[in-house]
1. Between ARG82, ARG64, ARG43, where does the largest GNM mean-square fluctuation fall for the chain, given springs only between Cα atoms within less than 10 Å?
2. Rounded to the nearest 500, what is the 222 nm mean residue ellipticity of the chain from helices alone, with -39500 (n - 2.57) per DSSP H run of 4+ residues and division by all residues?
3. Using unit Cβ charges (K, R positive; D, E negative) and no other charged atoms, how large, in debye to the nearest 20, is the dipole of region 79-142 about its Cα centre?
4. In degrees, nearest 10, range 0 to 90: what is the angle between the Cα axis of helix 59-71 and the longest Cα principal axis of the chain?
5. Run the numbers for ARG121 and VAL109: contour at 0.36 nm per residue of separation, minus the present Cα-Cα distance, in nm.
6. About its Cα centre, what dipole magnitude does the chain give when the only charges are +1 on Lys and Arg Cβ and -1 on Asp and Glu Cβ, stated in debye to the nearest 20?
7. Find how much the distance from ASN61 to ARG43 grows on full extension, using 0.36 nm per residue of separation minus their present alpha carbon separation; answer in nm with one decimal.
8. For the chain, build the charge dipole from Cβ charges (+1 Lys, Arg; -1 Asp, Glu) around the Cα centre, then report which of LEU9, GLN50, ALA38 sits farthest towards its positive end.
Amino acid sequence: MEHSLHILLYRAFHAQRNYLRPSLQELGLGSGQPKLLAYLAARGPCHQRQLADYFDVDPANVSRMVDSLERGGFVIRRTDGRRDLLEVTGRGRVASELWQDRCHQMEEVLLRDFTPEERERFADYLSRAYRNIQQKQREARP
């Protein structure tokens, strides 16, 4: 069981989440929100649907996260025709940068004994595995 890939992936995910959880609370962010801030900080204003599509998350979940981010002063909404355009605020940008720093620290712990080549291969393996799952899900849709 220890070598079952899905268990190993779950354990690694759970461990990194537990490592980062105190930072979420410290920054005043909820689960899933940092990735939305990072996207907005890197790519600029966008619509909620873009976030849902990019992260493969239910639009209703994105809406709840955005509502909370807006209440916390991390994002603002601007009207763009019939839809809202989301934009990161200065507070959101600072929180995103701090979160990215914490994630980088976690990655250094996670990959401590990995060579640069192993790190690159590991990232490639995870990316390929993700693409394979996505492709299979697309094929299964009617």
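1. Of the options given, ARG82 has the highest mean-square fluctuation.
2. -24000 deg cm²/dmol
3. Details: 13 positive and 13 negative charges, 100 e Å.
In total the dipole reaches around 480 debye.
4. 60
5. Values: separation 12, 0.36 × 12 = 4.32 nm, distance 1.73 nm.
Length gained, ARG121 through VAL109: 2.6 nm.
6. Roughly 520 debye for the chain.
7. Stretched fully, the ASN61-ARG43 segment lengthens by 4.4 nm.
8. Towards the positive end, the residue furthest out is GLN50.
The values are calculated or read from the model by the stated rules, or taken from the named source; none is laboratory data. Note that the structure is a prediction, hence the values are computed from the model and not measured. Backbone-built Cβ (ideal geometry, glycine too); neighbour counts: all protein chains shown. For accessibility, only protein heavy atoms count, side chains too; no ligands or nucleic acids. Shrake-Rupley method; radii C 1.70, N 1.55, O 1.52, S 1.80 Å.
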